[in-house]
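Just so it is clear, none of the values below were taken in a lab; they were calculated from the coordinates. What you are looking at is a predicted structure, and each value in this text was computed from that prediction instead of being measured. Here the Cβ is made from the backbone with ideal geometry for all residues, glycine too, and neighbour counts use every protein chain on show.
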Amino acid sequence: MGTRAVGKKVAKVDVIDKVLGKAIFAPDYYLDDMLYIKAFRAPHPHALIKEVDISKAEELAGVELIVTAKELAELNNFGLIIKDQEILAREKTRSMGDAIALIAATSEEVARRAERLIEVAYEELEVIEEPLRAMEDDAPLIHQGGNILCSHNLKKGDIKQGFAEADLILTNEFRTQRIEQLPLQTEAGVAEYDPETEVYTIWAATQWLHDTQIDVAHALGVSPSKINIVQPIIGGAFGKREDVSVQIHLALMAKLTGKKVKQVYTRAESMIAQSKRHPMIIRIKSGVTYAGKITAWEVEVIGDTGAYASSGPAVVHQALYHSTGPYNIDNIAGKSYTVYTNNTYSGAMRGFGATQAAFAYESQIDILAKEIGMDPVEFRLKNGYQRGSITPNGQELTSSVGLKETIEQAVEASNYQQIKVERGNKKRGVGIASIMFGNGYGEGYPDHSTCQIKVEDDGTLTIKTAAADVGQGVLTLVAQIISEVLNYPIEGMNFLQGNTATMKNAGSTSATRQTLFTGNATKNAAENMLAQIHHHAFLELGAHYPSLEIKDGKIIVKGEDRGLTFGKLARLAKAKGQPLIAEGSYFPKTDVPDKETGFSAKNYLAYTFNTQIAEVVVDTETGQVEVERIVAAVDIGKAIHPQNIEGQSEGGTAMGLGMALMEDQIIEKGITKNPNLSNYLVPTSLDMPEIETIIVESKDAVGPYGAKGIGEPAMIPTAPAIINAIEDAIGVRIKELPATPEKILKAVKSKE
């Protein structure tokens, strides 16, 4: 095969518009004569709504309409997996930030003033803040079905026999915090309603156009064909845009007011009312021999999904399924619980449960290694996956298992083997963490993507795909694959704006799936187009495809001075009623896990592996941790865009550093205490270490050109690598994130 584009560093297809300020994000949209929407949100996380008085707000000049739940009797609940979220809270609030009323006004300022004039009488109820309390028999119900939303099982081998074979058994509990995804752009959108066609058109960023379309349609009680979602340029996502935010409120108010409407969340509103990373309690009991073999692994995962399910059932059981890491363990027993509380609801965030699981299992792996006196690297290599290994779900790994290579190359590039030097109160440490992550939804869930290519009369290519580019570069990957197959310049490609009215479902930008799914769909579309070009070129030139050379939008007969441009061929084909349009899809199958054991012979199509080594300096007087350097070795099968992989690795590492050391959305009795960026801390450029990314290519059997995804695996090992490095530096183990200076100082003092 050629190497025109695949494996090359090319400019992202959207970079020029973004750099020049031409990219139009949702908050940038303006429609003539539009109204501004503001939600009045509950200050109490758990309370009966006794009375809502909107009379003073309605009298305010500029207020056109205020709506409460009593006007919405015919509408339905919404939600990604379980429809448990009310459009407006009707009888009670279940979390701080629940919307109780919607205001439509002539300006944002008027809408804000009206919000302050709404008066609500509440009867406060017991707030369930801790999932362990929610699981108790006498806990108040947040939803009528019970506070334990669901549970899942994982069984492999004989756990009792595994512990009997162990020389050492260790039990530890690990806890992770609530984290805000924090995309730069808050939730925003505009909408209009056409009373003649009864079609709602909504311009709002989403990670899955067609799923959002279905959720909005269900809530409003209309056919999905009446909902048109248009994708603006997206200002980041990280899982936060999987859930509906402004879309239903916009559609509803556009119809009720008869006008175009706009809604933009404040940062505080986004942090209070939209999803977070699940806080988790993960308990691990492990058996190991002194020779270094892990004989048994028992795990319990409890996930706080907050007041609403969102992606919770999937996130928490994925944490369970990933909770043994990339290690050969014959005997496994696990259980997970997804639990309702009155906290802000939890949903998807980069890693989707596997991130929390990795902190626990990579901490436990280090503890086990050091307890038996084995180097943590040697311990990982001894137990790590290779071809032929069997996952906890029973899937045999038959292709692209680059774990060993990631460990070896990360160690070689780092200072792991270097003697540690102590400088007074500053202790140096080095830590390692290795992870695996399944690509795609897996578990038998329908998962597919589509792409369409059209050759225009001028020879340019028009590309249609509903795959959301949230900044990760999927549209550039699409362009590279088309360029590779058709030997065509990327500069001649035009991408249409995502639109449910004109595009087929491409699935979500989540689950590290776009490289595998949209990549394969695009490759299929490009190959279908190539076949059409060969066919029509034969009809016009009388030469079979082995005699044709295609390059830069031209078809030339080899050794002869004749040929056609793409544009000429497109016009000739169209004149025959056969326009040059090619579609491609990719719809592979995976297996639904057994409910009792989690067994699934084909749980995921592919697995990405990532090993990171962190070098830190810990000041034992202040508790401050400086991360000096991180080496990341990522097995991504084949690097279609090496520069983009490096960017994903660096961005993921930044998020992992925040998880390890500082990020924590603090909720006390259901009330968010830090819904702003002055006291919700995230890493800045000054906190960032030197990052070296090593690309390991193991050529996956199913990915396009052997490629696998990197978006989520990029961040998963960072936090445990840093925590392991801290323990290496000062000899104390942090088991609850984040590792703040206060926690480190407390741990140091308890050791003395």
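Quick one: if the Förster radius is 30 Å, what FRET efficiency do K370 and F587 give, using the C-beta to C-beta distance and rounding to 0.05?
FRET efficiency, K370 to F587: 0.05.
Return the subset of K293/K335; K276/K427; K155/K749; K38/K464 for which the Cα-Cα distance in this structure is over 29 Å, preserving the input order.
The pairs that break the limit, which is 29 Å between Cα atoms, are K276/K427; K155/K749; K38/K464.
Using mean Cβ contacts within 10 Å as the protection proxy, how do 247-253, 677-683, 471-477 order, highest first?
Ranked from most to least packed, the peptides come out as 247-253, 471-477, 677-683.
Can you give the extra length, in nm with one decimal, that the chain gains between L60 and A291 once fully stretched, where that is 0.36 nm per residue apart less the Cα-Cα distance?
75.5 nm
So if we plug the beta-carbon distance of N76 and K699 into 1/(1 + (r/R0)^6) with R0 = 45 Å, what FRET efficiency do we get, rounded to 0.05?
Efficiency, rounded to the nearest 0.05: 0.45.
For labels at Y30 and Q624 in the simple 7 Å Cα→Cβ model, what's the distance in nm?
It is 4.5 nm.
With the crude spin-label approximation of a point 7 Å out along Cα→Cβ, what separation in nm comes out for E540 versus E396?
Between E540 and E396, the simple spin-label model gives 5.0 nm.
Going by C-beta contacts inside 10 Å, put R387, R90, R277 in order with the fewest on the left.
R387, R90, R277
Work out from phi, with θ = phi - 60° and the Karplus expression 6.51 cos²θ - 1.76 cosθ + 1.60, the ³J(HN,Hα) of each residue of segment 675-686, listed in order in whole Hz, and give x for Gly and Pro.
With coefficients 6.51, -1.76 and 1.60, one gets x, 7, 8, 7, 10, 9, 8, 10, x, 9, 4, 6 Hz.
With only Lys, Arg, Asp and Glu charged, each at its Cβ (+1 for the first two, -1 for the last two), find how big the charge dipole of segment 180-229 is about the Cα centre; round to the nearest 20 debye.
Taking the Cα centre of segment 180-229 as origin, the dipole is about 80 debye.
Projected onto the charge dipole of segment 648-695 (+1 at Lys/Arg Cβ, -1 at Asp/Glu Cβ, origin at the Cα centre), which of S649, Y680, M659 gives the Cα projection farthest towards the positive end?
Working it through, the farthest residue towards the positive pole turns out to be Y680.
So between A164 and D53, what do we pick up on full extension, going 0.36 nm a residue minus the alpha carbon distance?
Extra length from A164 to D53 when fully extended: 33.4 nm.
Would you mind working out the magnitude of the charge dipole of the chain relative to its Cα centre, with +1 at each Lys and Arg C-beta and -1 at each Asp and Glu C-beta, to the nearest 20 Debye?
1260 debye
Give me L149, L31, L72 ranked fewest to most by other Cβ atoms within 10 Å of their Cβ, as a rough exposure proxy.
Ascending number of Cβ neighbours within 10 Å: L31, L72, L149.
To the nearest 20 debye, what charge dipole does segment 194-279 have about its Cα centre, counting +1 at the Cβ of each Lys and Arg and -1 at the Cβ of each Asp and Glu?
Charge dipole of segment 194-279: 360 debye, to the nearest 20.
Which of V748, V230, V261, V15 comes first, and how do the rest follow, when ranked by fewest Cβ neighbours within 10 Å?
Neighbour counts put them in this order, fewest first: V15, V748, V230, V261.
For the pair E412 and E668, how long in nm is the line joining their label points, each one 7 Å along Cα→Cβ?
With each label placed 7 Å out from Cα toward Cβ, I get 5.2 nm.
For the chain, which DSSP H helices look membrane-span-like by this rule: Cα extent along the axis of 24 Å or more and mean Kyte-Doolittle of at least 0.0?
Both cut-offs are met by 354-371.
Between E91 and Q497, what FRET efficiency comes out of the Förster formula 1/(1 + (r/R0)^6) with R0 = 51 Å and r the beta carbon distance, rounded to 0.05?
0.80
Quote the convex hull volume per residue of the chain, based on C-alpha atoms, as a whole number of Å³.
170 Å³
With unit charges on the beta carbon (Lys/Arg positive, Asp/Glu negative), name the residue among L141, L154, T93 whose Cα is farthest towards the positive pole of the charge dipole of segment 75-176.
Sorting the options by dipole projection puts first L154.
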